[in-house]
1. Of the residues in region B:106-126, how many are of a type outside the set (D, E, K, R) and away from every other protein chain (no Cβ under 11 Å)?
2. Of all residues in region A:67-98, how many are open to solvent by less than 10 Å² (accessible area, probe 1.4 Å) and more than 13 Å from chain B (Cβ to nearest Cβ)?
3. For B:S398, state whether it is under 35 Å from the mean Cα position of the chain (by Cα) and not assigned by TED's automatic domain parsing to the domain that holds B:I489.
4. Report whether or not A:A133 is surrounded by 24 or more Cβ atoms within 10 Å (Cβ to Cβ) and either of a type outside the set (V, I, T) or assigned to a loop (DSSP other than H, G, I, E, B) (or both).
5. Taking the residues in region B:33-78 that are within 16 Å of ligand 2 (Cβ to nearest atom) and in a loop (DSSP other than H, G, I, E, B) as candidates, determine which candidate is most open to solvent (accessible area, probe 1.4 Å).
6. Go through region B:87-139 and report how many residues are within 43 Å of the chain's Cα centre (by Cα), assigned to a loop (DSSP other than H, G, I, E, B) and crowded, with 22+ Cβ neighbours inside 10 Å.
7. Helices (runs of 4 or more DSSP H) wholly in region B:578-694 with at least 2 residues that are more than 16 Å from ligand 2 (Cβ to nearest atom), open to solvent by 10 Å² or more (accessible area, probe 1.4 Å) and farther than 21 Å from B:M558 by Cβ - which ones?
8. Which of the residues spanning region B:140-171 are outside any loop (DSSP other than H, G, I, E, B), within 15 Å of ligand 1 (Cβ to nearest atom) and at pLDDT 75 or above?
Amino acid sequence: MSGVRQVVGMTGDEAVAHAAKLVNPDVVAAYPITPQTIIAERYSDFVNNGEVDTSFISVESEHSAMSACVGASLTGARVFTATASAGLALMYEILYVASGMRCPIVLAVANRAFSAPINIHGECTDQLVCRDASWVSLFGESAQEAYDETILSFKIAEHPDVMLPAMFGIEGFIVTHALERVETLSKQQVDDFIPASRIVRDRFCPDENKTFGSLVLQDYYMEIKRQQEEAMQNAYKVTEDAMQEFSELSGRKMEITEKYQLEDADYAFVSYGATAGNAKAVVDRLRAKGEKVGALKIRLFRPFPSMDMFQALSGIKAATILDRSATFGSPGTIVQTDIASALYGKENVPSLHGYINGLGGRVLTLPEIEEVYEMSKEYNNIGINSTTDWVGYRK
Amino acid sequence: MAIVLPKVSVKDLQEWSKLGEVFTSGHRLCAGCGAGTMARQVTLAAKVLGDPMMIVNATGCLEVASTVYPYTAWDVPWLHNAFENAAATASGAIEAMKSMQRKGLMRERNVNMIVFGGDGGTYDIGLQSLSGAIERGHDFLYVCYNNGAYMNCLSLDTHIMTKDGLKRVTDIQLGELVYAFDQNTNDLVLKECSGIFDNGIKEVYELKTLHHSIKTTINHPFLTVQRSRKNYENKLIWKTLEKLKPGDEIIVLKDMNDGKRYSFKEIKISKKGDYKVHKINEIKLPEESNPDLMEFLGLYVGDGWTRPHKAETGFSFPENSEARSRLVFLSKKLFDLEPSTAHQNDVYLYSVNLARFVDSLDFGKGAKNKIIPSWVFTLPYEEKEAFVKGLMQSDGYSIGKSNRYVSASYELLKTLRLLLQTINYRVGKIHQQTKKKGTFVVYRQLLEDSTYGYVCFSKKKKPNINKYLSQAKQRDFLADNEYFSSEKIVSIEFIKEEPTIDLRVEDEHNFIADGIVVHNTGIQRSSGTPQGAATTTTPPGTVIPGKIEWQKPLAEIMAAHDIPTFTASPAYPRDLMAKVQAALKHDGPAFMLVDSPCNLGQRYAPDMSMEIAKLAVKTCFFPLFYTYKEDWVLTGISSRLAKNPDRKLPIEDYLKPQGRFRHLFKPEWKKKLIEIQDTVDEKWERLVTKATCV
Ligand code: SF4
Ligand SMILES: [Mg+2]
């Protein structure tokens, strides 16, 4: 079976729903929000047509969605949900409960800008600001990556060395609603990849008189939190291995960071999500003009792949970081500050030039990206090694 | 299917109680709290049904007090997620079990799911989650235990300034007058203590200023100075400990009013001719305190003991010491008694009546247990000074202007520190050290390894503050105040978890604990708080008497979801337990509103919970009933009251014993009382009209 590649045209949201269908989680609790809606709708179709035997809980809010997921996960179930923007913000309180109680819930995020002003389009701030919630966090560039990461996330989250929830994001409309070519997997392939048995853990179930969610004071709180950090550290290796295994299974190369034309490059783009596709296109255009430039794409955002950053960027003169997220009064863009921390004190590292762009679904065109690239080079030439600019807006 | 309440007899209760507790002892709810009674009744009723039960618990008293990690009071599967989402969490667990059972991943069986939420977690922040889960038809019994507010203390070794002197917080009685800070006049005033609450084991922190220290919980409020750049805008505001940091200034007691002589209690006096009394050293005993006597008692507290069976009051003052000569002088002057000074190290006074008298003064027995009793704090200045002089002659010494007093009794040092603060001394912290056997501690050689402590103190100078008032106020915000001053916090440190207690003081809502002005506990209104009730967010003001709104009609709201809805009271266990069983037997969601008496927030004595709960029912303020679709059925006492309306009690009977309604009984709020009675009557009539009786 694994030899035959099935290709289907799907939007990003559909790809997520179809991949989740193969996993057939026990419980899906979701509340609709644009641009995640198609995930919830498709999955409801599967449930009502008997294509899966999941319990679908039509909750009355995202807060209840995540709360029900925690209840279900602690009962021992495999759990999936999806949301976007304001919905993720409403879940925020319970995101910490989910990770603190070590619930391997998988959450698909249709990355969308925050209100106000209200806007329904693509922007990754919603997911990036959850960086400290102790969730494994991935980004996908395309419907294909959305499909793959749906399945992969269960593998990482449920790994006994991790046991943390995982979220992955695709940008609203740009990926969620764009029809793309997706290579699918067979049910058998997914069953081989994700264990049929449910995780072994203390469960909230009739046979075990156990207390979950107790009040933990100064005497134990920090130890429990420290264990979360260790799990997060473990998640790096687990993700690496899972991606390796997935690559063999699917025949598509999957890595924590993807390097494009970086071997001999003097300059680099760093990006994540859909922007990474544009960066690669610009690399091709610039290469044609004789520029020695490459691109680095981040797929795993938490745990942050610091060593990969260093290895990929060492020897580069200037890095142009394209960040589709808003942050205010920060020393750099959200991803830029992480990269800066990863490289700090190391030798032979590039100057870092962060660009806040594409907010609320705004398009940063290829010529604009070229301009931004020239700006980074200019900064580097005059010896400025860290800059952050907003680009692609009316001044 | 209509609801059928099973009959529960007293005999049933006796049998069931043998099944073993589900909500076990060792939880840390306040003593007397009705929530514990409620939880035991609900879980026991469920246990009787035989099917396994699972509990989801919203954040609140019941949850926090029952599962302090690594302990739990729950002998069933129990899950807490957050404050507002217990119903949604139960939804998740129910669906997870269904799904896994479908897939053969879990054994099929019926489970009784019970969800507990308080009024905050149900009436307010969790209402949406509850309504959603009920709309989805999730099969659980949601029990809302309404204690009428958001509830939230002092360590047991805290000392409180009262009219009768300094007392341990554990010895304060209801109605007793305690000192408080008048926030209008900045004066020291006496106010009545209207509530005492055992708050269970809580994390306790120690706050230290240069001269004071107090142990308290993190949410205890202190009176602090808020300084703005312009001096005239500085003001005093209450802040909880968690919002305080070193450098912040808090208000402390500097000086007390001059006290008055203390009249001693009568004691049994032996006379010659009494049974077995052939010979007696006749002495004259004082009726009131005086400076000489206080100096004598200072000597006694420092180095004395009594053995009444030997008629002995002894002092270990070596020959030629100043203390010995003072003692001899004072004994003759006070009691007309010649001490026996033959022994090289000890002095003995032989009089059975003297020994008895000294014993009656509550100074504690044995060097390690000595203490300064409360009456000493009520004395005039010069008597307190004389007492300190006596103490210093025994176990004290001076280094320059600083005095140091050494003792093996920590309590003595603690109370001495507080006493000194009432007579304008600066005192340092208590230092403790362990000394090896054989070392000399003030004149004497130790017979074994001992732990000793000492405090240093010196007289405060009275500067002429009026000349430099604004500068002085920079340092001490209340520099011109006779009784209080502000002091900077030096440190705040976590100590350990220990039992705590709290007081409530009328009007001023503050009191003086370990010399520091503190606020009583916080209780914030919820939409389950009754009209007119005082909480810390609906205080009884001069214009608005407590909470304005009537309670949200939660039972009716839930009933409108077309689910079996019950009200019940822990004061009527048979009614409550029958309803729990009927609710659990029903296939689908059910809701139960329980009136949960809370002595802390509702302000009555801890042994009154069930009495208060009964009054809520007997005044028809909280009727017992159940409803499902078109049926409305009054049960228990409520059913009897519907049949015999003349037995219904006036609402005042319910309101009066509760401190939270006390202000309503002032003449100016008489109108309010009538209004509340009218609303109760109107609601009750409406219910009786549509309900049948059992
Ligand atoms: S008495 Fe009131 S504050 Fe104390 S535990 Fe019970 S409900 Fe909570
Ligand atoms: Mg409450």
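The values are calculated or read from the model by the stated rules, or taken from the named source; none is laboratory data. These numbers come from a predicted model, not from an experiment. As a convention, Cβ positions derive from the backbone with ideal geometry for all residues, glycine included, and neighbour counts pool all protein chains shown. Quick note on the areas: whole protein, heavy atoms, side chains included, nothing else; ligands and nucleic acids left out. Shrake-Rupley method; radii C 1.70, N 1.55, O 1.52, S 1.80 Å.
1. First, pick out the residues of region B:106-126 that are of a type outside the set (D, E, K, R): B:106, B:110-118, B:120-123, B:125-126.
Restricting the remaining residues to those that are away from every other protein chain (no Cβ under 11 Å) gives B:114, B:116-118, B:120-123.
Result for region B:106-126: 8.
2. 6
3. Judged against the criteria, B:S398 is not a match.
4. No.
5. Among those that are within 16 Å of ligand 2 (Cβ to nearest atom) and in a loop (DSSP other than H, G, I, E, B), it is B:T59.
6. Residues flagged as within 43 Å of the chain's Cα centre (by Cα), assigned to a loop (DSSP other than H, G, I, E, B) and crowded, with 22+ Cβ neighbours inside 10 Å within region B:87-139 amount to 2.
7. B:609-618, B:636-643, B:651-655, B:670-690
8. B:V143, B:C144, B:Y145, B:N146, B:Y150
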